[in-house]
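Novice: Sharing a structure, written as structure tokens. Questions coming.
The values are calculated or read from the model by the stated rules, or taken from the named source; none is laboratory data. What you see is a predicted model; the values in this text were computed from it and never measured. Note that each Cβ is placed from the backbone with ideal geometry, even for glycine, and that neighbours are counted across all protein chains shown. SASA here: full protein model, heavy atoms, side chains in, ligands and nucleic acids out. Shrake-Rupley method; radii C 1.70, N 1.55, O 1.52, S 1.80 Å.
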Amino acid sequence: MPLPRQVDAKTVLDAILPGKDVDGLHPVNAGLLQAGRPALAPCTPAGVIEILKRSGIPMAGQHAVVVGRSDLVGKPAAMLLLHQNATVTICHSKTRNLGEVTRQADILVAAIGRAGFITPEMVKPGATVIDVGINRITDRAEFDRFFLGDAKREVTFAKRGSTLVGDVHPKAFELAGAYTPVPGGVGLLTVAMLMANTVRATKMRRESSGGGAKRC
Ligand SMILES: NC(=O)c1ccc[n+]([C@@H]2O[C@H](COP(=O)([O-])OP(=O)(O)OC[C@H]3O[C@@H](n4cnc5c(N)ncnc54)[C@H](OP(=O)(O)O)[C@@H]3O)[C@@H](O)[C@H]2O)c1
């Protein structure tokens with residue numbers, strides 16, 4: 001994923017055995033996740049929860065605002081936060097007064113796919129900001145908009161002709177109580193969670209077949 005345009009993603013996903021669906025995208029796993037039953041959850045949102053847990057950031061009773069409602073990130077992130085007893089609001093492209101909603105977030109998860117979309121005015125001071133977005137920028141003016149005066153980024157940009165920026169404007173991180181950088185934040189956990197899901201899938205398959213090593 002993403003698959004070439006001529007390939008129907010739903011048909012391909014439906015063909016995956018749910019027990020081997022380590023990306024957690026099969027509808028059976030999505031349903032199990034929603035029902036709060038043991039499931040293979042999508043790796044990126046699972047990584048978000050792992051980051052929050054390992055950073056000692058409480059979720060229970062907190063207002064979590066998730067911007068984005070994709071099956072891959074937004075929806076499962078909202079569901080996982082709900083299972084951690086957060087009060088969850090999901091926002092999307094039709095949400096009115098988005099900034100007013102995001103400013104209420106104790107935990108703000110940005111999964112939009114637009115470079116620097118969440119600006120400082122949209123963040124409550126002290127909030128935990130989880131930036132899922134990965135956007136490659138190559139344009140000098142855009143680089144300046146986000147990273148003017150950032151010597152380290154300047155070196156990367158000069159060397160590669162591009163750099164990565166999340167869905168959160170770097171200036172907004174200055175207001176946050178805690179945040180995930182891009183790169184080096186959620187992306188790394190996504191890879192780790194894919195491995196964790198692979199081990200989990202194997203264990204679940206063994207348990208459901210009565211134990212012992214089985215051929216996959
Ligand atoms: N770090 C990682 O490992 C990792 C993994 C996966 C994805 N990502 C990144 O995460 C980002 C999101 O990925 P995705 O797959 O969820 O993207 P997606 O399928 O394109 O979904 C984007 C979501 O953002 C919402 N949105 C778009 N414009 C908006 C606006 N102006 N205001 C409010 N909401 C808006 C969309 O709303 P509608 O539903 O109304 O259209 C949609 O729900 C991308 O940058 C992607 O590269 C990172």
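Novice: Within region 158-177, does at least one residue satisfy the condition of being touching a Leu at 6+ places or on another chain (Cβ under 6 Å) and at pLDDT 95 or above?
Specialist: Within region 158-177, none of the residues are touching a Leu at 6+ places or on another chain (Cβ under 6 Å) and at pLDDT 95 or above.
Novice: What residue, among those in region 136-154 that are farther than 24 Å from N97 by Cα and within 16 Å of the ligand (Cβ to nearest atom), is most open to solvent (accessible area, probe 1.4 Å)?
Specialist: Filtering first and then ranking leaves R136.
Novice: Still on this structure, please answer the following. Tell me which residues, restricted to region 14-26, are free of Cβ contacts under 8 Å to residues at least 40 places away in the same chain and open to solvent by 30 Å² or more (accessible area, probe 1.4 Å).
Specialist: D14, A15, I16, L17, P18
Novice: A further question follows. Given the criterion within 24 Å of F173 (Cα to Cα), at pLDDT 95 or above, in a helix (DSSP H, G or I) and touching a Lys or Arg at 6+ places or on another chain (Cβ under 9 Å), identify the matching residue among E121, E50.
Specialist: Values: E50 fails: touching a Lys or Arg at 6+ places or on another chain (Cβ under 9 Å).
After ruling out the rest, the residue left standing is E121.
Novice: Please go through region 155-200 and pick out each residue that is among the β-branched types (V, I, T), within 14 Å of the ligand (Cβ to nearest atom) and either open to solvent by less than 70 Å² (accessible area, probe 1.4 Å) or outside any helix (DSSP H, G or I) (or both).
Specialist: Within region 155-200, V165, V168, T180, V182, V186, T190 qualify.
Novice: Is it true that R114 is in contact with a Ser or Thr (Cβ under 6 Å, 6 or more places away or on another chain), near the ligand (Cβ under 10 Å from one of its atoms) and open to solvent by 40 Å² or more (accessible area, probe 1.4 Å)?
Specialist: no
Novice: Residues being away from the ligand (no atom under 12 Å from the Cβ), farther than 26 Å from H26 by Cα and under 18 Å from the mean Cα position of the chain (by Cα): count how many of those fall in region 88-111.
Specialist: 4
Novice: Among the residues of region 1-25, write down those that are farther than 15 Å from L194 by Cα and outside any helix (DSSP H, G or I).
Specialist: P2, L3, P4, R5, Q6, V7, D8, A15, I16, L17, listed by residue number.
Novice: Taking the residues in region 27-84 that are open to solvent by 40 Å² or more (accessible area, probe 1.4 Å) and among the aliphatic types (A, V, I, L, M) as candidates, determine which candidate is farthest from V101 (Cα to Cα).
Specialist: V28
Novice: Looking at region 57-67, is at least one residue without any contact (Cβ under 8 Å) to a residue 12 or more places away in the chain and more than 16 Å from the ligand (Cβ to nearest atom)?
Specialist: yes
Novice: Can you give me the number of residues within region 117-127 that are open to solvent by less than 50 Å² (accessible area, probe 1.4 Å) and within 17 Å of G68 (Cβ to Cβ)?
Specialist: 5
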